[in-house]
1. Remind me, what semi-axes does the stretch 43-95 give for its equivalent ellipsoid, largest first in whole Å, using sqrt of 5 times each Cα gyration tensor eigenvalue?
2. Taking only C-alpha pairs under 8 Å that are 6+ residues apart, what is the relative contact order of the stretch 43-95 in percent?
3. Length gain on complete extension for the stretch residue 92 to residue 57, per 0.36 nm per residue less the alpha carbon to alpha carbon distance?
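Every number in this text was worked out from the coordinates using simple rules, so none of it is lab data. This structure is a prediction, so every number in the text was calculated from the model and none was measured.
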Ligand SMILES: [Zn+2]
Ligand SMILES: [Zn+2]
């Protein structure tokens, strides 16, 4: 386990970091890597750089470019859901 360097109490994992009740949080990359395996859609925040950018109309700000990825949401015989994230306002939406 990991202990807080400030107050020596036990750190709790949260948002991919180790956090302490005193406010300390660890940005240790190794800890973040472990958490990536159970990431969900909403957790995608700092990974935009690896996503392809396509032409898509953002209904929030009218921008025409968005990051794009797909995800199989339910069973394999259902079409995968397409996700977009506006490069400008960072809003995310989906298409079926
Ligand atoms: Zn602490
Ligand atoms: Zn937008």
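1. Equivalent-ellipsoid dimensions as semi-axes: 21, 13, 9 Å.
2. 26
3. Values: separation 35, 0.36 × 35 = 12.60 nm, distance 1.17 nm.
Full-extension gain reported as 11.4 nm.
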